[in-house]
Amino acid sequence: MRRILAALAIPLLAGVALAGCGSSSSSGSASPSSGSDSNASVTASGTFNKAPNVTIPKEKASSNLAVKTLIQGTGPAITSSDEFVGNYVVYGWDGTSHSLKGSTYTSTPTLFTNPLLPGLQSAIDGKKVGSRILAVIPPKEGFGTSGNSQAGITGTTTLVFVIDVIKSYSGTDAASGTQETNGGGNLPTVTEPKTAGDAPTVKMPASSVKPPTSLQVTTLIKGSGTKVVKGDYLVVQYTGYIWRTGAVFDASWSRKAPFGLQIGEGQVIPGWDTGLVGQTVGSRVMLTIPPKEGYGTSGNSQAGIKGTDTLVFVVDILDAYPASASS
C-alpha cells in the first residue's frame, strides 16, 4: 500500500529513482574504500540507537565509497532481500561544507525498504542486526548526476549516513498470535494460507448482504505483544480488497515486502489510523472500512476504487516502535 495508502516516502533511503537487537564493542573495520582519503576520514561516535556525533573533514569529498562498522551487532546478517527497521542520520557534503539532511533519532525509527541507494545497499549487505554502520556515499553510488531536488541533494553531493540496524524482516513474516475468529456472518471470511508466509484470502458475504456503514474492526489473531498507541511506527503485512468486486487492489504480500507507517498521524486512510490503535503486536486484524473512512466520495480511480466502495483490509502487525524508541 505504499502508493495506495499514500504513506510518506523517505526519499534519501530509496533507490536512484528514489529491515533482537544487540550491540557489543566498537569496531573499525572499513570497506570497500582503499587507501587514505577524505571519505575514509569521516568518523562518528556515540552509543547504539542514540544520535551520533559525526565529524566530517573541512575538505572536499573523494569519489570512494567508504564504509565502517562502528558497533558490531550480534543479530542475523542482513541480505539484499531483507528489509529492516533502523534509526539514521544523514548529511549532505558539498565542497568543504556539510549540512544535516535528516534524522530519525528525535521521532521514530523507519523501515528501510528495497531498493536502497546503491552505495547504501553495498554498505548494509551482510551487516548484522544491532550494528551501527557509517557509510560515505559518493554521487555515483547515490543519486547520480541528477541529484534529488526534493531532498536538497545536487548531482555532486556526497551523502554521509550513520545507521543503527534495529531489526530485520523477510517478505514472509506474518502474525504470530492465537487464532480467535475467521470473521464471517455479515462480514467477510478470512482463510489461512496453505503455505506459511503466503497471504490469507478473503471471501465477501453473499451479494444480498450490504456492507456496514461504520468501521468494523475484527481481531482474527490475537498477538501477545505490546499495545499499539497513536504515534507508533508500525511494521505490517496487509492485503486490501474491494467489497463490491471481491478483488485485491493492493498487497504487501505480493511484493514480499512488509510496509512501514506511523499510525494515527494522517499518513494512511482514517480507517487504518482508527482501527489499528489499541491492537497488539503479533495480531492479524480485519478492517472493514466504509468510504467515509477510506478514500471518501472521490475514491481512487488508479486502484479501481469508487467513491461508494467499502474496503476490506487484513493487516498483520509485525512490530510497533514508539517515538524515539531504543532497542
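The values are calculated or read from the model by the stated rules, or taken from the named source; none is laboratory data. If you're wondering where the values come from, they're calculated on a predicted model, not measured in any experiment. In this analysis, Cβ positions are derived from the backbone assuming ideal geometry, glycine residues included, and neighbour counts consider all displayed protein chains. Note: areas computed on protein heavy atoms with side chains; ligands, DNA, RNA excluded. Shrake-Rupley method; radii C 1.70, N 1.55, O 1.52, S 1.80 Å.
Contact map, the range 69-89: first residue within 11 Å of residue 131 (Cβ to Cβ), second residue open to solvent by 10 Å² or more (accessible area, probe 1.4 Å) and among the aromatic types (Phe, Trp, Tyr), Cβ cut-off under 6 Å, separation 6 or more or different chains; pairs are 71/48.
With respect to the conditions (1) modelled with pLDDT under 95; (2) under 30 Å from residue 73 (Cα atoms); (3) not aromatic (Phe, Trp, Tyr), residue 160 falls short on a single one, namely (1). On the stretch given as the range 270-279, residues that are assigned to a loop (DSSP other than H, G, I, E, B) and crowded, with 16+ Cβ neighbours inside 10 Å total 3.
Looking for something open to solvent by 30 Å² or more (accessible area, probe 1.4 Å) and touching a helix residue (DSSP H, G or I) at 6+ places or on another chain (Cβ under 9 Å) - is there at least one such residue anywhere in the range 200-212? No, every residue in the range 200-212 fails to be open to solvent by 30 Å² or more (accessible area, probe 1.4 Å) and touching a helix residue (DSSP H, G or I) at 6+ places or on another chain (Cβ under 9 Å).
Step by step: first the residues of the range 130-146, then only those that are open to solvent by 10 Å² or more (accessible area, probe 1.4 Å) and of a type outside the set (Val, Ile, Thr), then the one that is nearest to residue 256 (Cα to Cα). Which residue is that? Per the criteria, the residue is 141.
Of the residues making up the range 65-89, those that are of a type in the set (Gly, Ala, Ser), over 15 Å from the mean Cα position of the chain (by Cα) and surrounded by 20 or more Cβ atoms within 10 Å (Cβ to Cβ) are 66, 73, 75. Return yes or no: is residue 150 polar (S, T, N, Q) and farther than 30 Å from residue 199 by Cβ? Considered against the rule, which asks whether it is polar (S, T, N, Q) and farther than 30 Å from residue 199 by Cβ, residue 150 comes out as yes. Restricting attention to the range 90-115, the residues that are over 14 Å from residue 151 (Cβ atoms) and either hydroxyl-bearing (Ser, Thr, Tyr) or within 18 Å of the chain's Cα centre (by Cα) (or both) add up to 14.
Evaluating residue 210 against the criteria (1) under 22 Å from residue 174 (Cα atoms); (2) modelled with pLDDT of 95 or more leaves one unmet condition, (1). Taken as a whole, the range 231-243 holds at least one residue that is part of a loop (DSSP other than H, G, I, E, B), over 25 Å from residue 166 (Cβ atoms) and at pLDDT 95 or above.
Looking only at the range 165-178, decide whether some residue is more than 29 Å from residue 249 (Cα to Cα), among the hydrophobic types (A, V, I, L, M, F, W, C) and at pLDDT 95 or above. Yes, because at least one residue in the range 165-178 is more than 29 Å from residue 249 (Cα to Cα), among the hydrophobic types (A, V, I, L, M, F, W, C) and at pLDDT 95 or above.
Take the residues in the range 306-327 that are among the aliphatic types (A, V, I, L, M) and at pLDDT below 95, then tell me which one is most open to solvent (accessible area, probe 1.4 Å). Top of the filtered list is 323. Evaluation of residue 267 against the conditions (1) touching a strand residue (DSSP E or B) at 6+ places or on another chain (Cβ under 6 Å); (2) open to solvent by 20 Å² or more (accessible area, probe 1.4 Å); (3) modelled with pLDDT of 95 or more shows that the sole unmet condition is (3). Under the condition of being at pLDDT below 95, farther than 18 Å from residue 89 by Cβ and surrounded by 21 or more Cβ atoms within 10 Å (Cβ to Cβ), the residues counted in the range 100-129 number 1. Within the option set 245, 239, being hydroxyl-bearing (Ser, Thr, Tyr), under 21 Å from residue 288 (Cβ atoms) and open to solvent by less than 10 Å² (accessible area, probe 1.4 Å) holds for one residue only, 239. Only one of the numbered conditions (1) polar (S, T, N, Q); (2) within 22 Å of the chain's Cα centre (by Cα); (3) part of a helix (DSSP H, G or I) is violated by residue 145, and that is (2). Among the residues of the range 245-259, the ones that are touching a strand residue (DSSP E or B) at 6+ places or on another chain (Cβ under 9 Å) and in a loop (DSSP other than H, G, I, E, B) come to 4 in all.
One line per residue, one yes/no per condition, for (1) in a helix (DSSP H, G or I); (2) under 15 Å from residue 67 (Cα atoms); (3) within 22 Å of the chain's Cα centre (by Cα):
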site	(1), (2), (3)
121	yes, yes, yes
130	no, no, yes
156	no, no, no
159	no, yes, yes
165	no, yes, yes
173	no, no, yes
176	no, no, yes
181	no, no, no
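Scanning the range 280-309 for residues that are in a loop (DSSP other than H, G, I, E, B) and more than 13 Å from residue 238 (Cβ to Cβ) gives 281, 282, 290, 294, 295, 299, 304, 306, 307, 308, 309.
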